[in-house]
Amino acid sequence: MIIQCPNCKTKFKVDNNLIPSEGKKVKCSQCGEIWKTNRDDEISSLSGLWLFWIITILLTSIIIYIGLIIVYGNKIPIPQILINILIDLGVPIEGGNLFGRNFSR
Ligand SMILES: [Zn+2]
């Protein structure tokens, strides 16, 4: 499991079996802080993993969506607010010059 020093926030990987169920005093090798850790102190790596995947999927979706807009332009539904943002960014929604190529739709 992973425990975190409450003083300097350094994270340590500790063998779960070394921490008894009643907890154990541990010393930070970075700053010398001594604190009592419990098995419950474990930082959930599961929620971190979930967060990683949610962000990854979200970013991938946004990139694919913007890619579709660049390729298909106004043939796919785009919210007006996004059109304004994309036009500000120089994406030729209504056709025009993209990466040196002329686009017409
Ligand atoms: Zn520390």
³J(HN,Hα), Karplus 6.51/-1.76/1.60, whole Hz, each residue of segment 24-34, x for Gly, Pro: 7, 7, 10, 10, 6, 6, 8, 10, x, 4, 10
Work from the charge dipole of segment 2-41 (Cβ charges, +1 for Lys and Arg, -1 for Asp and Glu, about the Cα centre) and give the residue of VAL14, CYS31, ILE2 farthest towards its positive end. CYS31
How many nm is it between the label spots at CYS8 and SER29, if each spot is 7 Å from the Cα in line with the beta carbon? 1.1 nm
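No lab work stands behind these numbers, since they all come straight from the coordinates. For clarity, every value in this text was computed on a predicted model and none was experimentally measured. FYI the Cβ positions are ideal-geometry reconstructions off the backbone, even for glycines, and counts take in every protein chain you see.
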